[in-house]
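J.: Pasting a structure here, questions to come.
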Amino acid sequence: MKVIDHLRQAKDTLVSFEVLPPLKGKNISSLYQHLDPLMEFKPSFVNVTYHRSEHIFKKKADGTFEKVEVRKRPGTVGICAAIMNHYQVDAVPHLICGGFTKRETEDALIDLNFLGIDNVLVLRGDATKNESSFEPEPDGNRYAIDLLKQVDRLNNGIYLEEDIRDGFRTKFCMGVAGYPEKHFEAPNLETDLKHLKAKVDAGAEYIVTQMFFDNAKFFAFVDKCRENGINVPIIPGLKPLTNKKQLSVIPRIFHVDLPNELIEAMNKTKTDEEAEKVGEEWLIHQSKELKKSGVPVLHYYTLGKPKIIYNAVKEVF
Ligand code: FAD
């Protein structure tokens, strides 16, 4: 079922989770162990992130280095199919521009369609570690909106091969990313919102936000979206803080601010357990306030500490 249909039919706030594919070398059972307890909450859908390959320099026996391509977390498409099959829950693969030509994207979409997957979260992806800024493949999509338009063309039976007439129309429901604290490359929030509106006008049916730790920022973002004519459902993405190190890591990687109250509470902790408790309580506080405000879904990034997510969801739903 499409995410948008889950949202339309919902009478109350829904819950959804996001998982990462297991590291290469691990079995899918590691993912099931992670998800099993969370399935008690009957999530409406489970998102699976996509991780492109990176180039690393490997030392050879003669002392020189060779550039090799490694993909640490392959398998997004297969994992989505496995999750749907194993739990009878809708899976949402993340689809990115980076590393894909348009032809490879089209083939991936055909695979998804054959597997009965009706949903995609359409993203640009980030620059690789070796790039100073994001570069698409020579025949790839540059922005999420370009990828969105490609999916939309396939939804209208238009394939890259022009001689395919009367092509099968896929039925992908497309979600996109939004940034309450602005995407780090955008010159200002207004410009970012203009690009977000363009994605919605091009067919995105809902928005999932980057994580945030201050609900006021989410509420202000929703207001700004509405002022700018962005009227689709906006799903807050939530992640708990789980240790003190994240006080500097999260702002650096995700370009989000942390509220003073949370920083102070985290700084007072003396053990990992205390730090996790602070993160869990903050997540519960955020979730309860968001749910009370009537958000369509609470979407949890479950990476790392599923127990904290479990405890929070148990408390809130
Ligand atoms: P876009 O919408 O293309 O925007 C990127 C930047 O370009 C923004 O600054 C925007 O304002 C600007 N822009 C957009 N359109 C135009 C235009 N036409 N002209 C000029 N500027 C423009 N990354 C992964 O690699 N794998 C994942 O699984 C993944 N999952 C994610 C899930 C969520 C919910 C979120 C919020 C992010 C996720 N990311 C993932 C990270 C995401 O790929 C990065 O944040 C990326 O830098 C931007 O992606 P986007 O889809 O928002 O890009």
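The values are calculated or read from the model by the stated rules, or taken from the named source; none is laboratory data. Quick caveat, the model's predicted, so the values are computed rather than measured. Note that we place each Cβ from the backbone using ideal geometry, even for glycine, and neighbour counts take in every protein chain shown. SASA here: full protein model, heavy atoms, side chains in, ligands and nucleic acids out. Shrake-Rupley method; radii C 1.70, N 1.55, O 1.52, S 1.80 Å.
J.: Mind checking which residues of the range 278-314 are modelled with pLDDT of 95 or more, out of contact with any helix residue (DSSP H, G or I) (no Cβ under 9 Å at 6 or more places or on another chain) and either surrounded by 15 or more Cβ atoms within 10 Å (Cβ to Cβ) or among the aromatic types (Phe, Trp, Tyr) (or both)?
T.: The one that is modelled with pLDDT of 95 or more, out of contact with any helix residue (DSSP H, G or I) (no Cβ under 9 Å at 6 or more places or on another chain) and either surrounded by 15 or more Cβ atoms within 10 Å (Cβ to Cβ) or among the aromatic types (Phe, Trp, Tyr) (or both): His299.
J.: Within the range 179-206, which residues are touching a Phe, Trp or Tyr at 6+ places or on another chain (Cβ under 7 Å) and near the ligand (Cβ under 8 Å from one of its atoms)? Show your work before the answer.
T.: Let us first name the residues in the range 179-206 that are touching a Phe, Trp or Tyr at 6+ places or on another chain (Cβ under 7 Å), namely 180-181, 192.
Across the range 179-206, the qualifying residue is only Asp192.
J.: Taking the range 110-128 as the search range and keeping residues that are within 12 Å of the ligand (Cβ to nearest atom) and in a loop (DSSP other than H, G, I, E, B), which one is most open to solvent (accessible area, probe 1.4 Å)?
T.: Start the filter on the range 110-128 by keeping residues that are within 12 Å of the ligand (Cβ to nearest atom), which leaves 120-128.
Right, trim to in a loop (DSSP other than H, G, I, E, B) and you get 124-128.
Details: Arg124: 34, Gly125: 21, Asp126: 92, Ala127: 38, Thr128: 23 Å².
Step by step, filter the range 110-128, then rank; the result is Asp126.
J.: Consider the range 161-193. How many of its residues are open to solvent by less than 70 Å² (accessible area, probe 1.4 Å), farther than 21 Å from Asp118 by Cβ and part of a loop (DSSP other than H, G, I, E, B)?
T.: The qualifying residues number 7.
J.: For the list (1) more than 15 Å from Gly203 (Cβ to Cβ); (2) free of Cβ contacts under 8 Å to residues at least 60 places away in the same chain, I need the number of the one condition that Gly125 fails.
T.: Of (1) more than 15 Å from Gly203 (Cβ to Cβ); (2) free of Cβ contacts under 8 Å to residues at least 60 places away in the same chain, only one is false for Gly125: (2).
J.: Something else now. At least 3 residues that are at pLDDT 95 or above in each: list the strands (runs of 3 or more DSSP E) lying fully within the range 3-82 that qualify.
T.: On the way: elements: 14-19, 45-48, 54-59, 65-70.
The qualifying strands (runs of 3 or more DSSP E) are 14-19, 45-48.
J.: Check off (1) within 21 Å of the chain's Cα centre (by Cα); (2) surrounded by fewer than 16 Cβ atoms within 10 Å (Cβ to Cβ) for Phe221 and give me the number that stays unchecked.
T.: Here Phe221 clears every test but (2).
J.: Sticking with this structure for a sec: What's the number of the condition Met174 fails, among (1) in contact (Cβ under 8 Å) with a residue 24 or more places away in the chain; (2) within 10 Å of the ligand (Cβ to nearest atom)?
T.: The single condition Met174 does not satisfy is (2).
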